[in-house]
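Right, one structure below, let's go through it.
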Amino acid sequence: MILSRNFYTKISFWKAWWARRQLRKLTGEKLFKAFKLHRTVWPDKLYFYSPRLKRKPLFIGSPEKLSHWQDRKLCETICPTHAIKVTASAIIIDDRGCIGCGLCVEFAPAGLLEMSADSPSIYRS
Amino acid sequence: MFSWKEFENTKTVLSQVRSYQDQAGQHHVTIRPIDLQRWMEVACEDLGFLMLVEMAGVDLTGVPHNTHRFELTYHLLNMETHQRFNIHVLVDESEVVPSVVNFYPHADWLEREQHEALGIQFSRPLHGLLLPHDQKFFPLRKNAQIKQWPVEKELTAPQLRHNPNKSEAPFPEESWQWKSFGLFSPLTRGDFEWMVCFDPVKVVDSKVNIGFAHQGFEKLLESKDWLQVLQLVEKINLGAAPNYGIAWSKTLEDLLRIKIPERAQAIRIVALELARIAEHLTVIHDMTFALEMPEHRLFINAREKIYELIEKYCGRRQGLGLTRIGGVKEDLPHGWIVEYQAICEMIKKNLKAIHRSLFSQNKFRKNLGAGQVSAQTALQWGITGPAMRACGLNFDLRKSQPFYFYQDIDFDIPVGIHGTAYDRYLIRLEEIYQSFRIITQVIDNLPLGSIVSQELDLDYTALKDYLSHSEIPRTWHYTGLESPNGEAGFLVKFNDSTTPYRVKIKTPSFPLVQALPSFVLGLQEHQLKSCLASLGIRRFELDR
């Protein structure tokens, strides 16, 4: 499929004007003031990363429940970045190393680990 | 069409072959290093294997029955018959391998890379590519002890010769200026330094330097499990994350002969195409941003809609962690298809209006008609993807080596004429429409059933047991998929253990950056920016 192109044809001023007007109607935006509108926001308003971006495993189970799981060292071996430590009472996740792949959550028994945006993070401001 | 039997009768070079095998549709030949030049001549000129796709070396210490220290693999592609040809060379530490740069210029950087990583000697003087120049060990050898690498000294711009005698006729070089593109520019999204020399207006010379953020990613993968590699590999290009994940799982599935269920195949296609749309929108955004046109925000808005769709499916915006070996992670949620249809129609309608308004502006048309890549350049330097299709070569892995349902789907491959930045823009725009067309066809005929194959629907230890006991071939294997910016894949060699013995990552950005200085001569500065943005060079794809 060879693409059609009218690259060298002349376009009249009014035709161009009409195309841009159509676009403005469609999007409901003022194209030419776009840069100015956004400049005054900082530093009155601070931007945060969306919590969706950092969804990471969180330990929600109890120490008893963890002790029932015999295979609990699996969490350490499975983690591609060695970001997990399993102690007797809890599963500790190093947020700097975690890439959020979800392998630990998938292979742990239900009710122990959960993907959530509330996991403690050193980067949260 | 190349077949081994015909070839066997006609050629006398055959006596030089150590072994031949045909495995999974790819030809493998093992030869001595002395015969390499002759073989490349035959492959390039007689058999029509015009493109050198990838080249990899491996340290064979610890492999049973090995006679030599290293093995080099050249992976060649014939674009007419869609055949793939692997030439293996067994080398010792003291032996010298003849360079193949005279047949494939793309081999320049690849040879430099193998030279510094493994210490293989080639028949031309080579210096380092990714590592510091004064490094004294070879990281990809199996006995290498990795320490912290020394920091390189300060970088300086290349100096021009100075004219001491001003009274004579002036050198034209006096007015030349070196400017730095790349290292911190948001357009390239890359950690490569690109020094460009302008005679005040046009480009005269340029030099590329990569390796600023070298992580030793391939070395890292050798110590990881097959399942862990799947998670790490997706970070190579976040824009095309499903692509790398699916390529890796497809490698294992091909070698172990696992058949994945039809529903999982369909969902994988949907994920691939959605990622393609998002990446194309990003690249077009970069082009318009480079020209300082206010429409660039509209492409980002459209991309956000796509990311929201992906997030509703798998929980992460860019489609990370969506693949599993033998299937996919989750099923499509209830009501997802209705949302997709609404967003699809909206984006299609808006893109037409945006294109019309962009096209009507002289600024856009003038600046994009530059940066020509010829077909010969593309073949020589191993360029694939939209940059190759823009110059008229009709080659797409979805058509030429169709996998999953691609052969049953109705879609077209857009092809350009001139190979300029404007052609790349048109192709990217058209591919967005074609991807929507593919997804709607797949969703209309979405098959029922499970999403993971029943053999592999196990917990982790059982799955690991299953994979370690199944017989995986010990030879090299290449799997490539069509990622938004070109061909991406893996050239792998496995061993008895559940960690890969060697993984070589084939990325589309690597050849593009290598070829950059050859096709930007004569451009002006603002043309250069948009041309650079239209190639879609990404950061971690340059790193190994």
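The values are calculated or read from the model by the stated rules, or taken from the named source; none is laboratory data. If you're wondering where the values come from, they're calculated on a predicted model, not measured in any experiment. Using ideal geometry, Cβ is built from the backbone for each residue, glycine included, and neighbour counts are taken over all protein chains shown.
Flag: A:LYS73 matches the condition of being over 22 Å from B:ASN362 (Cα atoms) and at pLDDT 85 or above. Within the set B:ARG544, B:ARG539, the sole residue that is of a type in the set (D, E, K, R) and within 15 Å of B:VAL208 (Cβ to Cβ) turns out to be B:ARG539.
Which residues, counting only those in the range B:445-457, are part of a loop (DSSP other than H, G, I, E, B), surrounded by fewer than 16 Cβ atoms within 10 Å (Cβ to Cβ) and either touching a Cys at 6+ places or on another chain (Cβ under 6 Å) or of a type outside the set (Ser, Thr, Tyr) (or both)? Those that are part of a loop (DSSP other than H, G, I, E, B), surrounded by fewer than 16 Cβ atoms within 10 Å (Cβ to Cβ) and either touching a Cys at 6+ places or on another chain (Cβ under 6 Å) or of a type outside the set (Ser, Thr, Tyr) (or both): B:ASN445, B:LEU446, B:PRO447, B:LEU448, B:GLY449, B:ASP457.
Determine whether B:ILE427 is within 14 Å of another protein chain (Cβ to nearest Cβ) and touching a residue at least 12 places away in the same chain (Cβ under 8 Å). It is true that B:ILE427 is within 14 Å of another protein chain (Cβ to nearest Cβ) and touching a residue at least 12 places away in the same chain (Cβ under 8 Å).
Looking only at the range B:71-126, filter to residues that are outside any loop (DSSP other than H, G, I, E, B) and among the basic types (Lys, Arg); which one of those is surrounded by the fewest Cβ atoms within 10 Å (Cβ to Cβ)? Break it down into steps so the answer makes sense when it comes.
Restricting attention to the range B:71-126, the residues satisfying the condition of being outside any loop (DSSP other than H, G, I, E, B) are B:71-78, B:83-91, B:96-97, B:107-118, B:121-122.
Subsequent filtering for residues that are among the basic types (Lys, Arg) retains B:84, B:112.
Details: B:ARG84: 19, B:ARG112: 17.
Here the residue is B:ARG112.
Name the single residue, out of those in the range B:365-375 being part of a helix (DSSP H, G or I) and within 24 Å of B:GLU525 (Cβ to Cβ), that is nearest to the other protein chains (Cβ to nearest Cβ).
B:ARG365
Quick check: anything in the range B:299-308 over 23 Å from B:VAL492 (Cβ atoms) and touching a residue at least 60 places away in the same chain (Cβ under 8 Å)? Let's see the steps before the verdict.
Applying the first criterion (over 23 Å from B:VAL492 (Cβ atoms)) to the range B:299-308 yields B:299-308.
Checking which are touching a residue at least 60 places away in the same chain (Cβ under 8 Å) leaves us with none.
No.
Taken together, the criteria exclude B:THR475 from residues that are touching a residue at least 40 places away in the same chain (Cβ under 8 Å), of a type in the set (Ser, Thr, Tyr) and buried (at least 23 other Cβ atoms within 10 Å of the Cβ).
Here is a yes/no grid of residues against (1) acidic (Asp, Glu); (2) more than 14 Å from chain A (Cβ to nearest Cβ):
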| position | (1), (2) |
| --- | --- |
| B:SER360 | no, no |
| B:LYS363 | no, no |
| B:THR377 | no, yes |
| B:GLN380 | no, yes |
| B:CYS391 | no, no |
| B:SER400 | no, yes |
| B:ASP412 | yes, no |
| B:TYR433 | no, no |
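Checking each residue in the range B:486-544 for being on the phi > 0 side of the Ramachandran plot and either surrounded by fewer than 22 Cβ atoms within 10 Å (Cβ to Cβ) or over 12 Å from the mean Cα position of the chain (by Cα) (or both) picks out only B:GLY522.
Residues that are on the phi < 0 side of the Ramachandran plot, more than 10 Å from every other protein chain (Cβ to nearest Cβ), crowded, with 17+ Cβ neighbours inside 10 Å and modelled with pLDDT of 85 or more: does the range A:36-57 have at least one? Scanning the range A:36-57, I find at least one residue that is on the phi < 0 side of the Ramachandran plot, more than 10 Å from every other protein chain (Cβ to nearest Cβ), crowded, with 17+ Cβ neighbours inside 10 Å and modelled with pLDDT of 85 or more, so the answer is yes. Consider the range A:83-108 and keep the residues that are charged (D, E, K, R) and touching a Lys or Arg at 6+ places or on another chain (Cβ under 9 Å). The one that is surrounded by the fewest Cβ atoms within 10 Å (Cβ to Cβ) is A:ASP94. What is the residue count in the range B:382-431 for residues that are closer than 21 Å to B:LEU52 by Cβ and either surrounded by fewer than 22 Cβ atoms within 10 Å (Cβ to Cβ) or among the small types (Gly, Ala, Ser) (or both)? Of the residues in the range B:382-431, 12 are closer than 21 Å to B:LEU52 by Cβ and either surrounded by fewer than 22 Cβ atoms within 10 Å (Cβ to Cβ) or among the small types (Gly, Ala, Ser) (or both). Residue pairs whose Cβ atoms lie under 6 Å apart, separated by 6 or more positions or on different chains, with the first residue in the range B:443-467 and within 14 Å of another protein chain (Cβ to nearest Cβ) and the second exposed (fewer than 13 other Cβ atoms within 10 Å of the Cβ) and assigned to a loop (DSSP other than H, G, I, E, B), do not occur.
Residue-by-condition table, conditions (1) at pLDDT 85 or above; (2) of a type in the set (Phe, Trp, Tyr); (3) loosely packed, with under 15 Cβ neighbours inside 10 Å; (4) out of contact with any His (no Cβ under 6 Å at 6 or more places or on another chain):
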site	(1), (2), (3), (4)
B:LEU298	yes, no, no, yes
B:TYR307	yes, yes, no, yes
B:TYR313	yes, yes, no, yes
B:THR323	yes, no, no, yes
B:LYS329	yes, no, no, yes
B:HIS334	yes, no, yes, yes
B:TYR340	yes, yes, no, yes
B:ILE343	yes, no, no, yes
B:ILE347	yes, no, no, yes
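For the range B:347-358, the set of residues classified as facing another protein chain (nearest Cβ under 10 Å) and under 31 Å from the mean Cα position of the chain (by Cα) consists of B:ASN350, B:LYS352, B:ILE354, B:HIS355, B:LEU358, listed by residue number. The set of residues in the range B:355-398 being among the basic types (Lys, Arg) and in contact with a strand residue (DSSP E or B) (Cβ under 9 Å, 6 or more places away or on another chain) consists of B:ARG389, B:ARG398.
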